[in-house]
Amino acid sequence: MAADLLQIALYAILLAAIAWPLGVYVARVFTGECRFLDWLERPLLAAAGAAASGPQRWSAYALSLIAFNAAGFLLLFLILRFQNLLPLNPQGFDGVPAHLAFNTAISFVTNTNWQSYGGETTLSNLSQMAGLTTQNFLSAASGAAVAAAVARGFAARQTRQIGNFWQDLTRFTLYVLLPGSLILALGLVALGVPQTLKASFDATTLEGARQTIAIGPVASQIAIKQLGTNGGGFFNVNSAHPFENPNALSNLITALSILVLPAAFCIAYGRMVGDKRQGRALLAVMTIMLVVAFAVIYLAEKAGNPALAAFANPAMGNMEGKEVRFGIVGSAIWAAVTTAASNGSVNAMLDSFTPLGGLVAMLQIQLGEVIFGGVGVGLTGMLLFVIVTVFLAGLMVGRTPEYLGKKIEAREIKLAALTLLVMPVGVLVLAALAIATGNAQSAVQDAGPHGLSELLYAYSSATGNNGSAFAGFSANVSWHNIFLGLAMMLGRFGYIVPILAIAGSLAGKRPAAATAGTFPTHGPLFVTLLLATILIVGALTFLPVLALGPIAEQVSLSAGQSF
């Protein structure tokens with residue numbers, strides 16, 4: 001227990017030590033104060049043409065983002081479909097089937113990184129590098145650009161411009177993602193992660209047999225997949241593979257890299273809106289929710305499976321599906337962090353977690369990207385709940401709701417309320433459709449409540465742009481590849497477009513000075529109210545179906561029945 005507590009404390013201290021100054025740096029990048037790469041930035045923006053020359057309204061900003069992502073989707077789809085005709089395919093892989101290419105292209109463009117395939121047995125080096133790794137950079141930069149635009153809109157005074165998408169995209173990629181990924185990739189190579197264009201090498205096993213082991217340009221993809229909260233692995237078993245995550249030190253470093261940018265964006269937001277307390281309040285809410293989630297997952301896995309108590313040492317906890325080199329605490333930290341940060345990487349098999357541990361991981365996703373979430377979009381997801389919270393607070397005291405001195409009126413409330421439908425539609429409606437057509441029953445591995453949990457997790461992960469899965473779910477069929485792809489699009493743009501519209505609306509308003517009756521949005525009372533709003537509005541939406549899945553399974557397990 002002492003060693004576990006030490007590892008938890010070390011993670012928290014290092015995260016705070018890195019995220020705080022990084023947040024200051026990110027704010028300086030988006031405000032134009034950091035320009036040491038101006039010699040490279042200017043020609044790239046010039047290549048974008050007149051669209052990059054000046055600030056945009058929210059509608060133009062959103063259209064630029066959608067058009068850019070649509071072009072990225074098309075390019076990645078073509079690379080995957082025709083990888084057999086393209087270079088850097090030493091394995092000689094065929095082109096990816098159309099429905100899988102559709103799913104994979106949407107997955108990486110939306111920062112979801114859901115993978116219905118095994119990377120080392122399906123994709124060429126070119127597809128991994130020019131296709132997936134490129135989108136890992138660009139999808140993360142797109143989310144960061146949205147956060148910067150929203151912060152400007154919330155802070156602006158009577159203007160219609162919220163920044164320039166092309167400028168924000170370029171700056172965040174150049175000043176943050178590229179240098180950060182380079183440093184992280186070199187560190188991973190030093191720890192033993194491969195980085196080569198070779199497809200494989202032969203090894204002799206202890207029994208004397210010959211084994212072909214897949215390798216490739218792994219470190220470069222792992223670095224941005226974690227830093228950009230993407231999560232898609234080079235190998236099928238993701239970060240449980242020793243070539244992606246060799247030891248406890250690599251586990252700590254990559255787990256830190258997953259949360260460092262989402263946490264830094266809270267600090268950057270406070271600086272960009274001119275009130276650092278606002279960023280600290282949002283960071284406090286995210287941290288409280290993550291700590292509680294981790295504690296439940298850790299305790300559930302540490303308690304183990306009562307059905308196995310007679311056959312295994314109870315002190316070991318539930319080690320099924322976990323790597324010995326990470327143990328319970330390393331696996332629990334990873335599960336809590338990745339499902340909070342919309343990073344779909346796994347270092348243990350979530351399908352083998354206890355029902356309670358799997359429930360918490362699933363619920364973090366179902367709340368939407370609010371507990372840190374993806375790069376940039378985690379912050380904007382939390383701000384949507386902030387809008388709902390100040391509206392509810394205004395109703396309670398009989399005042400027009402305000403945030404940062406600006407009145408929150410019918411337009412903003414309607415847009416924020418619209419986003420509350422995204423997760424229920426993507427998860428409940430599409431999962432119900434899969435059940436009604438028989439496509440769910442053929443995809444799940446287990447019967448009973450655990451099978452329902454596998455289905456729910458898949459559509460929660462897709463709509464929440466997370467990308468992880470209960471591994472027993474067989475998703476690589478036309479139905480699920482198509483409908484999971486649609487869920488990913490809904491989960492990405494169903495949040496981004498409304499929050500940009502809200503930012504554009506608030507940018508045109510004149511802020512009013514705070515008075516004695518103004519509800520402060522930075523103190524403990526607001527933090528508590530925001531937490532309650534997220535749990536009541538977000539969590540209760542899924543309580544009935546969770547009662548049929550992981551909650552029923554946990555009760556059954558306590559009674560001696562497993563699925």
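Only one of the listed residues (Val545, Val537, Val497) is touching a helix residue (DSSP H, G or I) at 6+ places or on another chain (Cβ under 6 Å), open to solvent by 10 Å² or more (accessible area, probe 1.4 Å) and among the hydrophobic types (A, V, I, L, M, F, W, C). That residue is Val497.
Within the stretch 275-312, which residues are open to solvent by 60 Å² or more (accessible area, probe 1.4 Å) and not in a helix (DSSP H, G or I)? If the condition is that a residue be open to solvent by 60 Å² or more (accessible area, probe 1.4 Å) and not in a helix (DSSP H, G or I), then Ala310, Phe311 are the ones that fit.
Would the stretch 143-162 turn up any residue that is buried (at least 24 other Cβ atoms within 10 Å of the Cβ), at pLDDT 95 or above and outside any helix (DSSP H, G or I)? Taking every residue of the stretch 143-162 in turn, at least one turns out to be buried (at least 24 other Cβ atoms within 10 Å of the Cβ), at pLDDT 95 or above and outside any helix (DSSP H, G or I). The residue that is least open to solvent (accessible area, probe 1.4 Å), among those in the stretch 29-45 that are farther than 21 Å from Ile267 by Cβ and touching a residue at least 40 places away in the same chain (Cβ under 8 Å), is Glu41.
On the stretch given as the stretch 105-141, residues that are closer than 25 Å to Val176 by Cβ and open to solvent by less than 10 Å² (accessible area, probe 1.4 Å) total 17.
Residues checked against (1) under 16 Å from Gly23 (Cα atoms); (2) hydrophobic (A, V, I, L, M, F, W, C):
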{"site": "Val218", "(1), (2)": "no, yes"}
{"site": "Leu227", "(1), (2)": "yes, yes"}
{"site": "Asn230", "(1), (2)": "no, no"}
{"site": "Glu244", "(1), (2)": "no, no"}
{"site": "Asn251", "(1), (2)": "no, no"}
{"site": "Pro262", "(1), (2)": "yes, no"}
{"site": "Cys266", "(1), (2)": "yes, yes"}
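Every residue, every condition in (1) within 24 Å of the chain's Cα centre (by Cα); (2) on the phi > 0 side of the Ramachandran plot, yes or no:
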| site | (1), (2) |
| --- | --- |
| Asn89 | no, no |
| Gly92 | no, yes |
| Thr104 | yes, no |
| Trp114 | yes, no |
| Gly119 | yes, no |
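Mind checking which residues of the stretch 96-131 are β-branched (Val, Ile, Thr) and not in a helix (DSSP H, G or I)? Correct list: Val96, Thr110, Thr112.
For the stretch 350-358, the criterion of being open to solvent by less than 10 Å² (accessible area, probe 1.4 Å), part of a loop (DSSP other than H, G, I, E, B), of a type outside the set (Asp, Glu) and closer than 27 Å to Ala263 by Cα is met by none of the residues. Considering (1) at pLDDT below 95; (2) surrounded by fewer than 16 Cβ atoms within 10 Å (Cβ to Cβ); (3) of a type in the set (A, V, I, L, M, F, W, C), the lone condition that Phe82 does not fulfil carries the number (1).
The values are calculated or read from the model by the stated rules, or taken from the named source; none is laboratory data. Fair warning: this is a prediction, and the values are worked out from it, not measured in the lab. Methodologically, a virtual Cβ is constructed for each residue, glycine included, from the backbone with ideal geometry; neighbour enumeration extends over all protein chains shown. The area values use the complete protein model at the heavy-atom level, side chains included, leaving out ligands, DNA and RNA. Shrake-Rupley method; radii C 1.70, N 1.55, O 1.52, S 1.80 Å.
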